[in-house]
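> This is the structure, below, for whatever I ask next.
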Amino acid sequence: MPSSPQNDAAASPKTLSTPTLVLMAVACGLTVGGNYFNQPLLHSIAIALNVGDATAAASVTVAQVAYALGLLFLVPLGDKVEHKRLVIGLMLLTALGQFISGFAVNIAMLFIGTAMAGLFSVAAAVLVPMAAALSAPSQSGRAVGLVMSGLLTGILLARSVSGLLSGLGGWDTAYRLSAVTMVVVSWALWRSLPYSRNPKRLGYVQMLASMLVLVREQPRLRSRSLLGGLSFGSISALFSTMALMLAGPAHRMSDVEIGLIGLAGVAGAVMANVAGKLADRGWGKTITATCTLLLIMSWATLWVGTISLWWFILGMTVSDLAVQGIHINNQTIIYTMLAHARSRANAVYMTVYFIGGASGSALGAAAWGYDGWTGACGVGLMMALLTALALWYDEAVVKRTPLPQRVLESTDRP
């Protein structure tokens, strides 16, 4: 009896070509970046939908909560459902959410579209471990770095692009254009991606329960998740308050100018690719330690950003480079260590990652209200120092781990 494509793929998995990895990177950037369209458009949305600024701002929270729920309850399906079909399905549902947002006539309709797009945009969190799974072990770091660079670029460009498109055709233009583009990219992925499925399948409830088992039995998953969450929390304190500082008396910048300043963070996407390649060469431990030190040092230059815009840009660029270097090495380690449960491990890691980010944003905003930019920088520095403590804890975990179980970052290779 002839075998199905799915069975053939399971028997002899294909590796991904560079063009396919680039396409996956574009898909990641589109799906996740859409969750950030509303951030520079809140005032325009409030006027168009006849609501207050605070009500419009709630759409940001809706997107974040929906994305977190998707990470927790949908990403683990990557260890149960065939990956290609799962990714395409999630992307098309994300596009539908973007269409609803783009044609919203009231705030409730926008909330529904935003929630739907945020929930299903976790297609990106399925694509990243898929890139690692379908790459040769010596190339997994490069594959993860390349796909992640697309995700990070999408996040960074989303704010600027949505602001520029709003000036051309209104606040809803970015949503409509993104939805159409996502359908086209979904079709291209359908033609390019090979069939791929985790050979060990679990029931959905059993799969969710197994995530708790992973947390309990894998100390390095805990330590690396903590490291990622704290580093992301540090830079989130920056992103939740930088617009307030740049628009304030120190610089008096417009929304468009602030968006353009944010483009300096694209360097972080470059770092994602570089960090992945260095991890493949055995330099992960050095990269993580260096990036943690850079994250701490960047807050000194950010603090004097009220005096000099150039110091601020330098600090923002360095902090973004540092956080992405840490993040890529974390994912490379986790995917290698838990190859049989990549999607579930990624769900655990990314959930902690975004909890850390939300905590940093909330603490940064609160500190701004108490002591302005100095208070926000204090929160960012505190979380950067806690990141260093988490790195020390991770090294202690490695030393307690039997040598055969250590992966990638336990020692540097010459």
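The values are calculated or read from the model by the stated rules, or taken from the named source; none is laboratory data. Remember, it's a predicted structure, so these values are computed and weren't measured experimentally. Ideal geometry is used to build each Cβ from the backbone, glycine not excepted, and the neighbour counts take in all protein chains shown.
> Does segment 181-198 include one or more residues that are of a type outside the set (D, E, K, R), more than 30 Å from F37 (Cα to Cα) and at pLDDT below 85?
Looking for residues that are of a type outside the set (D, E, K, R), more than 30 Å from F37 (Cα to Cα) and at pLDDT below 85, one finds at least one in segment 181-198, hence yes.
> Let me ask another. Is it the case that V304 is in contact (Cβ under 8 Å) with a residue 24 or more places away in the chain and either over 22 Å from V128 (Cβ atoms) or under 14 Å from the mean Cα position of the chain (by Cα) (or both)?
no
> So which of T317, T332 ends up being touching a helix residue (DSSP H, G or I) at 6+ places or on another chain (Cβ under 6 Å), of a type in the set (V, I, T) and surrounded by fewer than 20 Cβ atoms within 10 Å (Cβ to Cβ)?
Residue meeting the stated conditions: T317.
> Grab the helices (runs of 4 or more DSSP H) fully contained in segment 50-165, keeping just those with 1 or more residues being in contact with a Gly (Cβ under 6 Å, 6 or more places away or on another chain) and free of Cβ contacts under 8 Å to residues at least 60 places away in the same chain.
Result: 53-73, 83-102, 107-120.
> Using the structure shown, decide if G356 is assigned to a helix (DSSP H, G or I) and under 20 Å from A247 (Cβ atoms).
No: the conditions fail for G356.
> Turning to a different aspect of this structure: Of all residues being at pLDDT 80 or above and among the charged types (D, E, K, R) in segment 324-372, which is farthest from D79 (Cα to Cα)? Just the residue, please.
The extreme case among them is D371.
> Please verify whether G102 is touching an Asp or Glu at 6+ places or on another chain (Cβ under 7 Å) and at pLDDT 95 or above, treating the condition exactly as stated.
When the stated conditions are applied, G102 passes them.
> Counting just the residues of segment 45-62 that are among the aliphatic types (A, V, I, L, M) and exposed (fewer than 14 other Cβ atoms within 10 Å of the Cβ), which one comes out modelled with the lowest pLDDT?
A54
> Something else about it: Check segment 184-202 and report whether any residue there is surrounded by 16 or more Cβ atoms within 10 Å (Cβ to Cβ), closer than 25 Å to E257 by Cβ and not charged (D, E, K, R).
no
> I would also like to ask the following. Somewhere in segment 114-129, is a residue in contact with a Lys or Arg (Cβ under 8 Å, 6 or more places away or on another chain), under 30 Å from G282 (Cβ atoms) and crowded, with 20+ Cβ neighbours inside 10 Å?
yes
> When the residues of segment 166-178 are filtered to those that are assigned to a helix (DSSP H, G or I) and surrounded by 24 or more Cβ atoms within 10 Å (Cβ to Cβ), which remaining residue is modelled with the lowest pLDDT?
Among those residues, the one meeting the criterion is A174.
> Hey, any hits in segment 332-345 for a residue that's within 14 Å of the chain's Cα centre (by Cα), within 30 Å of E82 (Cβ to Cβ) and of a type in the set (A, V, I, L, M)?
Looking through segment 332-345, none of the residues is within 14 Å of the chain's Cα centre (by Cα), within 30 Å of E82 (Cβ to Cβ) and of a type in the set (A, V, I, L, M).
> Is segment 22-44 home to any residue that is over 16 Å from the mean Cα position of the chain (by Cα), at pLDDT 85 or above and more than 22 Å from V352 (Cβ to Cβ)?
Scanning segment 22-44 turns up at least one residue that is over 16 Å from the mean Cα position of the chain (by Cα), at pLDDT 85 or above and more than 22 Å from V352 (Cβ to Cβ).
> Let me ask you something else. Would segment 210-217 turn up any residue that is part of a helix (DSSP H, G or I), hydrophobic (A, V, I, L, M, F, W, C) and within 18 Å of the chain's Cα centre (by Cα)?
no
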